[in-house]
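Structure record follows, encoded as structure tokens.
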Amino acid sequence: MKIANNIEILEIQGERGTLYPVLIWDDNHLVLVDTALPGQTELLKEAVSKAGFSFEKITNVIITHQDMDHIGSAKTLAGLGAEILAHKAEAPYIQGDETSLRITDMEKHLHELTDGEHAFYERMKKGAPYFYVHVDRLLNDNERLDICGGIRVLHTPGHTPGHISLFLEQSNIIVAGDAANIKDDALMGADPMYTQDMAEAQISFEKLMNNKPQAMVCYHGGYTLIG
């Protein structure tokens with residue numbers, strides 16, 4: 001779905017629900033924000049093609065945070081020449097220098113996991129090393145990328161320590177990653193079930209709203225106007 005002159009929301013459907021990566025472009029850049037789950041590369045390619053672009057022409061990948069549903073195809077894109085960008089606090093997890101916080105959390109509660117959750121943990125732990133990717137550029141809070149009409153980095157920790165959202169200056173739209181969600185048509189902050197620090201996450205959500213965007217894109221939930 002095209003939501004501005006140079007912004008397209010992609011829809012990647014899977015058994016764990018629909019994910020909403022975002023494409024942003026100008027004359028010299030094709031930027032993808034987040035890259036769906038491992039195993040969804042072909043779906044992502046189809047979505048990029050449907051938007052009128054070539055997957056192989058993506059120049060930059062901005063990863064909002066370390067979770068597998070965000071880094072799934074990043075390594076493939078890096079192999080095609082795309083620059084990988086992420087917050088400096090998140091990079092060690094994306095690169096595999098540190099163990100994913102999701103894996104660490106599950107290991108703390110292995111005895112409490114259902115059979116399905118335990119199977120998911122095993123798949124994740126075994127598969128994660130195949131999808132780690134080197135981060136080429138480390139981002140900081142309030143850093144401005146002078147591409148695609150201006151992209152300002154907002155450090156929005158809570159869901160994970162290095163989570164970032166992106167303020168798209170030209171359109172006054174925020175790409176929130178998992179710092180915000182849409183449930184039952186209502187905009188809200190990070191999902192408590194998957195958030196490391198809810199108090200910090202609430203501060204981050206307020207930070208997003210204080211920027212007074214006209215709309216927001218949530219990785220889980222999609223697009224909403226803000227009245």
Expressed to one decimal in nm², the mean projection of the alpha carbon convex hull of segment 152-202 is 3.6
Using the Cα gyration tensor of segment 1-117, the equivalent ellipsoid's semi-axes, largest first and to the nearest Å, work out to 28, 17, 11
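What does the highest-first list of 161-172, 195-206, 57-68 look like by mean Cβ count within 10 Å? Numbers along the way, then the final one.
Numbers: 161-172: 21.5, 195-206: 16.8, 57-68: 23.3.
Ranking the peptides 161-172, 195-206, 57-68 by packing returns 57-68, 161-172, 195-206.
P(r) tail for the chain, what percent of Cα pairs lie past 30 Å? Walk me through the numbers on the way to the answer.
Working: 4236 of 25651 pairs.
The proportion of pairs with Cα distances above 30 Å equals 17 percent.
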Carbon plus sulfur, as percent of the 1.4 Å-probe accessible area of the chain, comes to 48
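Given the chain, what percent of its DSSP beta bridges are antiparallel, to the nearest 5?
Working: 30 of 43 bridges.
In the chain, DSSP labels about 70 percent of beta bridges as antiparallel.
If you place +1 on the Cβ of every Lys and Arg, -1 on the Cβ of every Asp and Glu, and leave all else neutral, what size is the dipole of the chain about its Cα centre, to the nearest 20 Debye? Each step should come with its number before you reach the end.
Working: 18 positive and 33 negative charges, 72 e Å.
Roughly 340 debye for the chain.
The values are calculated or read from the model by the stated rules, or taken from the named source; none is laboratory data. Computed from a predicted structure; not experimentally measured. Note that we place each Cβ from the backbone using ideal geometry, even for glycine, and neighbour counts take in every protein chain shown. Calculation scope for accessible area: heavy atoms of the full protein, side chains included, ligands and nucleic acids excluded. Shrake-Rupley method; radii C 1.70, N 1.55, O 1.52, S 1.80 Å.
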